[in-house]
1. Anything in the range 9-19 that is in contact with a helix residue (DSSP H, G or I) (Cβ under 9 Å, 6 or more places away or on another chain) and closer than 15 Å to residue 45 by Cβ? List them, or say none.
2. Hey, does the range 18-38 have a residue that's loosely packed, with under 10 Cβ neighbours inside 10 Å and in a helix (DSSP H, G or I)?
3. Residues to consider are 118, 104, 136; find the one that is in a helix (DSSP H, G or I), surrounded by 10 or more Cβ atoms within 10 Å (Cβ to Cβ) and either at pLDDT below 90 or under 30 Å from the mean Cα position of the chain (by Cα) (or both).
């Protein structure tokens, strides 16, 4: 129980005890002026009735405030839930967009890799052909030199010996 509620209960019990202890004085009739007329009535009972009326009015006001706060809280909760759902949808949309962007980037990178691979293979084939042709030329040149040397040996020795 809150301290303010406990304090209010203590005050109400004290007023009730005071009224019970002084009930005879509360019920004693007195002359009361209403401004335009005078009446004989117990002042204590009228004041006690006014206190009960104001307490009831206060309780109705408190119930009204609590119910309006409760309704406002429910409205805010619904709005927060709607905003949360909207944010979740936006986040999912961003993830979908990011996934598409990444897939496109990966596809582009794969295409570039394939092009680079093809260019590299073509270059390696060209270098292989060039190397083979150079080796073939070297073999032909070497064969020519060997053939020339064989001819010189077959003719009788090295050139210029005259044998």
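The values are calculated or read from the model by the stated rules, or taken from the named source; none is laboratory data. Since the structure is predicted, the reported quantities are computational estimates derived from the model, not experimental observations. Because the Cβ atoms are built from the backbone with ideal geometry, glycine has one as well, and the counts that use them run over all protein chains shown.
1. Filtering the range 9-19 for residues in contact with a helix residue (DSSP H, G or I) (Cβ under 9 Å, 6 or more places away or on another chain) gives 12, 15, 19.
If the condition is that a residue be in contact with a helix residue (DSSP H, G or I) (Cβ under 9 Å, 6 or more places away or on another chain) and closer than 15 Å to residue 45 by Cβ, then 15, 19 are the ones that fit.
2. Yes, the conditions are met somewhere in the range 18-38.
3. Step by step, each of 118, 104, 136 is checked, and only 104 is in a helix (DSSP H, G or I), surrounded by 10 or more Cβ atoms within 10 Å (Cβ to Cβ) and either at pLDDT below 90 or under 30 Å from the mean Cα position of the chain (by Cα) (or both).
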